[in-house]
Structures are given as structure tokens and as C-alpha cells.
Amino acid sequence: MRRALSGISVVELGGGIAASYCAKLLGDLGADVVKVEPPGGDALRRTAADPGRSRSGLVVHLNTSKRSVELSSDSLSDRRALEEMVAGCDLVIESRPGATLAAWGIDADRLVGQHPGPSVVHISGFGRTGPYRDYLWDDIVVQAASAAFLTQGSVGPVPLKLPRHVALYFVGHMAALAGTAAVMAVEAGQPSSLIDCAAVEVLASLPFRQAFLLGYQYRGRTPPPDDAAASTPTLIPTGVFPCADGYVALMSTTQQLQEMLQVLDDPDAKEAFARPDAFERPETKEVLDVAVYNWLLSRTRAEATALAQAAGWPLAGVYDAGEILEADHLHQRNYWVHSDDPELGSVDLPGPWCRLAEGGWALRSTAPAPGQHTAEVLAGLGHDAAPRRRPAAGAGSAGAGSPRAGSPRAESVGAATVEELTPDGGHERIAPGGLPAVAASAARPPLHGVRVLDLTVVWAGPYATMLLADLGAEVIRVENPFVLPPTTKGYHPRPVLTNPGMLGSLYGPARPGAPDRPWNRHAMNNSLARNKLSVTIDNRRPEGLELVMRLAERSDVLMDNFKANGLERIGIDVSELQRRNPRLVIVRLPPTGLTGDWAAYTGFGAQFDALSGLSAVCGHLGSDPTTTPATTYMDAASGPAGAMAVLAALRYRRATGRGQFVEISQSENVMSHLGEMFVDHQLGITAGRLGNRHERHAPQGLYPCAGPDRWVALTVPDDGTWRRLAGLLDEVEGADDPRFTDDPRFTDEPSRRLHHDELDRIISRWTARRDPIEAFHVLQAAGVPAGPLLDDPTLSNDPNLAERGWFRPLASADVGEHLHPGPAFTGLHLAWWRGSPTLGEDNEYVYKEILGVSDADYARYAKEHILATDYLQADGTPF
């Protein structure tokens, strides 16, 4: 059966979670993945709780749809076999340190750049280049060095890393997106690529990181004002709260205030908010907290959720792994995939992170034993003398458009001069028509010629479409001039910022001579809108809705991230879209899917993380669930998931000529990033809150350095690393026994875990005498994976990112030119031509050139406020 990635051959060299998940994603969508392991299996095989087993939750979850071969880099015949495998594949996945082509004597730089030829995805902590390129890394190290730690809200005095291994899964998902794009570029006539996927840069591109990094640039590279830093206790309840039988997660904005007050039905709360100074009076929060706690403590999770969701107040229960495995919603959606594992027995594995109507996800085989397919794969070698296969006739670009010369907007937005620009220095428009295959000599981004109709909101969807725009798609953001999105453009079109708070501190300065339009200057929006176009259409009116449908007729992809009935509520029928454009790829990213008990739930990522199991394990060791910080991880994880699903569906369309419908349940995608937790639970291993510790590495943590709020992260994955760290700790003055290397309390990992608290105190005494950057370099020089906990200023001045040129200038019409966080990966030709468009900046191009609207009709649409470049009040006058 043909699948989206059928015909793609992948060699997985990289050990570790990120590389393994990258390969799993490709294999589950149809690629032929061969996992190369050293004799005895890779390091993940040693994560089993039972030393006699080679299979753990991680192994079983991460290695579906793969074949395994055992090869030794010390064997000449094995080296030759690998060279032949690599020469005949489409993609190699490698991970530094160790699991790289270089370790096998193969020069990746010489391997790529051919057509046809294999591409390489290189996953590392700090990148292939730069002063930190050889530094050791792990999850906690790159989270610290990318400023991805959670520091706001109820975290407490010690910052907190994202839980379990989700950050590494995120890196793997981004690497899979890049690898898929590289393969598709070769199929369209481009040379192969060497993708540089640095985990620090991937994590620094998380939506909340991008927003705050851009906000730092907008403020002239100064920290937020003190009142913003101190404004974390929000008036509207946000976080995890107790109820009668457990906990619920709340995440609201002022948009849901009336719904909340309706549900609470508390006269004191209603009276408090009836006052004109309600948001300035501290008494308001006190009254509201009493009302919320009283209401919740008298209701179960199910009761509270049903009442709140029925009224539109975002609220959801907090569930652990066992409860999620039993949840009716997921069984109604047939999410779990039953497996009879040869070692573990009967287990349910996480199901699809995306659901394509045709050629989609399938768990084609369970995790192989180490070397299970060595004989089979080696027997197939020696038959690659024939020329490598060429793209199928007519494969060409995935797009339906043809390139147009010129760039009407490039000059006005100050396109940056970097290597990812298209050859003419700007971004080319697309007109209807067939796009021929791109000549190998023409450097084009992989999605050049693809048009995306972007109906997405908040962070999850806009992040996905930004990644598509980076890959060269023409992304047209449809915005309603009567509907201001408060979570990304400010709570009011013209806010009074006497006490701006954190969100208010993210407004950029108005460019001299530009109109005063604050909604065009907010970093929450602008950080995820680069390389996009903006058109305004009041789609609440029949004529406006028809304009959207006509635009869909002329597009390759339509994406939204509304809840299940979101498209229908604005009048868009999927079957009508498919009738009018059979080649259209429709990608929907509802929070919890389109079917099942939870499908109608409304809310935000921080609240839906509770339904995926993430909130239950996010917190310091032994902490109460009410201290759970708002993570917004679901928003972040949806970005590469949505973009990769688009690429998969477009590649399937190349082969079949058919568009299709794609569903991505954002919460199910997060469950895949937690996959081993659900397998382990069935094996009797209960996941808990570990804070900054690790289930196997010991010690691991975030340790205080000289100066206030300055920290360094380190991890000890094995006994050899411990001996190197112990050599440094022997310098600690006043220690009971200066010979830590030989201390029986710390000789092996179980002993170190047992005495973790004591190790934390010893390490803290060592780090407290040092600057975090000094400690970072000293630890790395000794062979200990470590990283400083950076913030916006230190990350923006990081010498490794500076040498790699990661921060790059982009300009927007209303805010001017500023340095922006760079792309999540490099090595492909990527678009980098404009900052965020202003509201409706591309109206004329979209209406007149794409839709063919006459000048007279365009003027009428403007007069009737179907289109505008300001946000409008109900009577049509600008705010």
C-alpha cells in the first residue's frame, strides 16, 4: 500500500531520543528506515528496568516501523557495507557525538550536494559550526542554553525544565520536518543537503522563546520593566487548581471573563468586575479566588469540566498516564495500537500523531531486536550499481502555482541579505498555473510554488505556517478586520500601557513616520509571522466567505487550528472545499481531535497539556500539582507536526494527483512525545515529577552560581562522566571526604541516585564559587555535559549563536528593522525576506492578482469594510 513517504530510504545512525524519534516519524509514514546499531544494540537498549532485557518503554515506542542491523565501525567489511547503504539511501540521520558518518570515516560534506544523492540530517546540541560545536549535550543542557526553562508563575525560586524527554522529541520532530523537506527538494531536482539541526536553536525557536527574544530586541535590548517581571500572578485564574476528586487546569483571557462569571454565578465576583477599576484593585483577585476555589472544591473534575466547557470557559481535568490510558475519548477515537511484544507481552502503544485520509500513519512493525535484519539488509547490498532512481515524471514541485518575476514588497520591508534568500534577493509571488520541475542549478526553497491559506490562530497554527513559509511556501494569512486576536496582538487595539505587564512589554516601537497601529507591533504576533502575507476579509458576510472559498480554489493547502466545529461555525464546509479544489490539502489541528468526548472542548495549550499527561509530570520533585507552571508545550509541538503533515500530504499528491484531508489532534501529538510514559505505566513503572532530575542519569540538576538567579545545568549519564566530575569536585573546600572519585556512596548510578541530595549540596558548593559561563566551560573541558541557564540578554549575546549568525535582521513596515530569532535548522535554502506583514498589507496583491478582483470591486470592498488595514469597531470606523 502506498504511503506518504513510500520510496524514501533512510539510514538511522544517530543514537538517542531525538534521532530515534526523527527516524520513527519517517518510518511510520512509509519510509524504509534501517537503524544501524553497534553490536549489542544502541544506548537506548540499556534503559530497560530489567537488566536482562533489551526493550524498555523508550525502545518499544521509538523503534516502530524500522529494521535493525548491527555493524561495527572497527570492522572493515562493516564499514564498506555502511558506505554502500549510505550511497544508496535518500536520507541519513546522524547525531553528535559519536553516532555520525565521520565516526565511520565518511565525509558528510563530500557526500551531499549531488543530484540525485543522499541528504544528511545532523542533530547536535550546539551545531556543526561555532566555538561550542564539540561540546557535550543532553536534554537539560540544551534546555538551559536555549533559555527554554520555565521561570514564570508557580515554578518557585529554582527554574524548571520541561518534563521527561519532550524537548528531545521536539528536536526530533523538527529534524524529521527538515529531512522530509530535503528529500522532497531532491525529488524536485535540487541537490541533496546537509541539514544542521542544533538543539539549542530548535528550542530557542519555541513560540514563547521567539516572542520574548523579539520583545527584547524591540525594547532596545533591555530587560522588561520591573512591573512586567513582577506581573506573573494574573487576575484571571490560570494554572492548576484542586477540585473535589483531583485537579483541573485553567487558562483564560479577558475574552472568557463573562463565561467564567456566568459559570461561577457568584454575586460578589460579578459585583467586583462591575466596577470600572476592577482590573486595578487587588481586592478583585481576592474575591475571584474565593469564588473559584469554592466552586471547584464542590465539584468533581468531570462535573467542573462539563459545566465550564458548556459555557465556553476553558477548563480541563489533569490526568496521569493511567487515567489517559483508560480515557473514553481516546478509545472512541481508536487511538491506542495494540502490540504483542516478544519481551514485554501485551502493551498498547501510542497511536497516530497525524491522520491522513490516504497514505497516512501506520505502525507497520514493532520495535526490532538488535540486529534482527542484519542478514536481510546485507544480502540486499551489492545491487546498487544501477543509477539511483530519478523523480517520477511530473513530480516537480509540490505546488500548483508558477513563479512570477519581481518582488513587489521586498524593497519596502527591507529584505535581509542572507544565504537563504531566493536568487533575486526577494520573495517571488505565485500565480495560478502548472509549476515545472526546478532545475538543479536554480536554488529554491523546497516549498517554492506552494500556496498556503492560513486560517490559524494564537500560537500552534501560526507556528506551523511560519515553518512552511520558512520552507518557501507563499503563506497568506486571512485576518478579519473586525476581530482582534487578543492573545497575540494585545487585549485592545489601542491599549493604555500605564502598567504594561509582561504582554504589554512586548510591543515594539513605532517606526518614525509609520502610522500608530499597535496591533502591528506586538512580538507575540510578529515573531511567528515572518515571510507571510496578510489579507483582510470579513468572512462573516456571505460575500467575504465566498472570497475565502475562491482563495482556497487557488491554493495548495488550507490550515486551521480551531476546535472541532470551528470551520463550520464560520461557514466553511470541507466537502465543498474538496469539490471546488480536489488537489487541496486541508489540514486541521483541533486541540483534541474532531471526534470523541473531548472534541468540543475550548481552550489553550497550557490547559490542554493537562489532558495529554504532561501537566501531571511537570513540576519539581515531590511538588504539589497546584505548583504546575503553564507550559504551552502543545502549541510548540504542533508547529513541526503541522508542517510535516503538510509535506507528507503534498508528497502523496505528487504521486496520486489528489489532495486530501488531514487531522492532527494536538493533544495526541503531545502524547506521542510522552509515549514511553504510557508503555512504562503498563509495565508497572509509574511516572512522577522529577523536576530537573533524570530517571537514570545521576546526578543531574540545575545548580546555583555566583550572583543572583544565575545557574548552570549538568548531567552525569554514566560512571565515566562521574569520575571526570568527581575530579573537579575534589577541589571543594570543607568536604567531609575530598576523594569523591572513590567514595562508595557514588561509585555507580544506583548509589548516586540514592545519595542525590548529598551530591546536589556538594556540586552546589562547587558551582556557587563560579560564574555560570566559567562553570560551563570548565565542566565541558572536563568532559561533563553542562550548559549555562541563559535568559533573553545572555542568549541574544551568546558567542556560539553570534558566530553561527543565528539572529538575523528582518523589517516590518510599522516597527522597522530588528534582529529576529533565526530558523530552527539550516542547510536547506530557506526563505528570509520580510518580517511580519502589517494587517492587510498584501490586500491588493491577493484581491487583484490572485482573485482577479477589479479596481471597482476592490474599492467597493474597502468602502463596505470587507477589507481594511485597521481593526474596526462594529460601525466600521477604525479604533
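The values are calculated or read from the model by the stated rules, or taken from the named source; none is laboratory data. None of the values given here were measured: they were computed from a predicted structure. No Cβ is skipped: glycine too gets one built from the backbone with ideal geometry, and neighbour counts run over all protein chains shown. In case anyone asks, the SASA skips ligands and DNA or RNA and just uses the protein heavy atoms, side chains included. Shrake-Rupley method; radii C 1.70, N 1.55, O 1.52, S 1.80 Å.
Taking the residues in the range 57-90 that are without any contact (Cβ under 8 Å) to a residue 40 or more places away in the chain and not hydroxyl-bearing (S, T, Y) as candidates, determine which candidate is surrounded by the most Cβ atoms within 10 Å (Cβ to Cβ).
Filtering the range 57-90 down to residues without any contact (Cβ under 8 Å) to a residue 40 or more places away in the chain leaves 72-80, 83.
Filter again for not hydroxyl-bearing (S, T, Y), leaving 74, 76, 78-80, 83.
Details: D74: 9, L76: 9, D78: 20, R79: 16, R80: 11, E83: 16.
The residue in question is D78.
Among all residue pairs at least 6 apart or on different chains, which show Cβ distances below 9 Å where the first residue, located in the range 669-687, is touching a residue at least 24 places away in the same chain (Cβ under 8 Å) and open to solvent by 10 Å² or more (accessible area, probe 1.4 Å) and the second is among the basic types (K, R) and assigned to a loop (DSSP other than H, G, I, E, B)?
A687/R164
When the residues of the range 34-63 are filtered to those that are modelled with pLDDT of 85 or more and polar (S, T, N, Q), which remaining residue is nearest to V670 (Cα to Cα)?
Filtering first and then ranking leaves N63.
Assess whether E84 counts as being part of a strand (DSSP E or B) and either over 25 Å from E676 (Cβ atoms) or acidic (D, E) (or both).
On the way: part of a strand (DSSP E or B): no; either over 25 Å from E676 (Cβ atoms) or acidic (D, E) (or both): yes.
Taking the combined requirement at face value, the residue does not satisfy it.
Hey, does the range 527-546 have a residue that's under 21 Å from A464 (Cβ atoms) and open to solvent by 20 Å² or more (accessible area, probe 1.4 Å)?
Within the range 527-546, one or more residues are under 21 Å from A464 (Cβ atoms) and open to solvent by 20 Å² or more (accessible area, probe 1.4 Å).
Can you tell me which condition S193 does not meet? The list is (1) at pLDDT below 95; (2) closer than 30 Å to H818 by Cα; (3) open to solvent by 10 Å² or more (accessible area, probe 1.4 Å), and all the others hold.
Just one mismatch for S193, condition (1).
Quick check on the range 757-779: of everything there that is under 21 Å from R696 (Cβ atoms) and touching a strand residue (DSSP E or B) at 6+ places or on another chain (Cβ under 8 Å), which residue is surrounded by the most Cβ atoms within 10 Å (Cβ to Cβ)?
Checked the range 757-779; the qualifying residue surrounded by the most Cβ atoms within 10 Å (Cβ to Cβ) is L779.
Any idea which residue in the range 91-117 is least open to solvent (accessible area, probe 1.4 Å), counting only those that are within 21 Å of V171 (Cβ to Cβ) and part of a loop (DSSP other than H, G, I, E, B)? Steps first, please.
Applying the first criterion (within 21 Å of V171 (Cβ to Cβ)) to the range 91-117 yields 91-103, 108, 112.
Now drop any that are not part of a loop (DSSP other than H, G, I, E, B), which leaves 96-98, 100-101, 112.
Numbers: R96: 58, P97: 79, G98: 56, T100: 17, L101: 0, V112: 21 Å².
If we take residues in the range 91-117 being within 21 Å of V171 (Cβ to Cβ) and part of a loop (DSSP other than H, G, I, E, B), then L101 is least open to solvent (accessible area, probe 1.4 Å).
Please name all residue pairs, on different chains or six or more residues apart, with Cβ atoms under 8 Å, provided the first residue is in the range 812-840 and is at positive phi and the second residue is of a type in the set (S, T, N, Q) and assigned to a strand (DSSP E or B).
As it stands, the answer is G840/S534; G840/T536, since those pairs meet every condition given.
Hey, could you check the range 561-602 for residues that are among the hydrophobic types (A, V, I, L, M, F, W, C) and open to solvent by 30 Å² or more (accessible area, probe 1.4 Å) and say which is farthest from the chain's Cα centre (by Cα)?
The first filter runs over the range 561-602 and keeps only residues among the hydrophobic types (A, V, I, L, M, F, W, C), leaving 562, 564, 567, 570, 572, 574, 577, 584-587, 589, 594, 598-600.
Subset that is open to solvent by 30 Å² or more (accessible area, probe 1.4 Å): 562, 570, 594, 600.
Numbers: F562: 18, I570: 27, L594: 21, A600: 24 Å.
Going through the qualifying residues, I end up with I570.
Among the listed residues A786, A768, which satisfies the condition of being closer than 17 Å to L729 by Cα, in contact with a helix residue (DSSP H, G or I) (Cβ under 8 Å, 6 or more places away or on another chain) and of a type outside the set (F, W, Y)? Spell out how you get there, then give the answer.
Working: A768 fails: in contact with a helix residue (DSSP H, G or I) (Cβ under 8 Å, 6 or more places away or on another chain).
After applying the criteria, what remains is A786.
Could you please give the count of residues in the range 5-51 that are open to solvent by less than 10 Å² (accessible area, probe 1.4 Å), in contact with a strand residue (DSSP E or B) (Cβ under 6 Å, 6 or more places away or on another chain) and closer than 25 Å to R658 by Cα?
So the answer is 3.
Does D857 satisfy being at pLDDT below 95 and more than 36 Å from the chain's Cα centre (by Cα)?
no
Could you say which residue among G707, G701, G642 is small (G, A, S) and open to solvent by 10 Å² or more (accessible area, probe 1.4 Å)? Steps first, answer last, please.
Numbers: G701 fails: open to solvent by 10 Å² or more (accessible area, probe 1.4 Å); G642 fails: open to solvent by 10 Å² or more (accessible area, probe 1.4 Å).
Just one listed residue meets the conditions, G707.
Filter the range 743-773 for residues that are closer than 21 Å to V712 by Cβ and free of Cβ contacts under 8 Å to residues at least 12 places away in the same chain and give the result.
H755, D757, R761
What are the residues in the range 829-853 that are more than 27 Å from the chain's Cα centre (by Cα), under 26 Å from Q210 (Cβ atoms) and of a type in the set (V, I, T), if any?
Within the range 829-853, V846 is the sole residue that qualifies.
Going through the range 429-456 one residue at a time, which ones are of a type outside the set (K, R), under 25 Å from P207 (Cβ atoms) and either outside any loop (DSSP other than H, G, I, E, B) or at pLDDT below 95 (or both)?
Across the range 429-456, the qualifying residues are V452, L453, D454.
Which ranges mark the helices (runs of 4 or more DSSP H) fully within the range 492-605 that have 1 or more residues being among the β-branched types (V, I, T) and more than 30 Å from D277 (Cβ to Cβ)? Reasoning before the result, please.
Numbers: elements: 501-504, 523-526, 542-553, 566-569, 574-580.
Those helices (runs of 4 or more DSSP H) span 542-553, 574-580.
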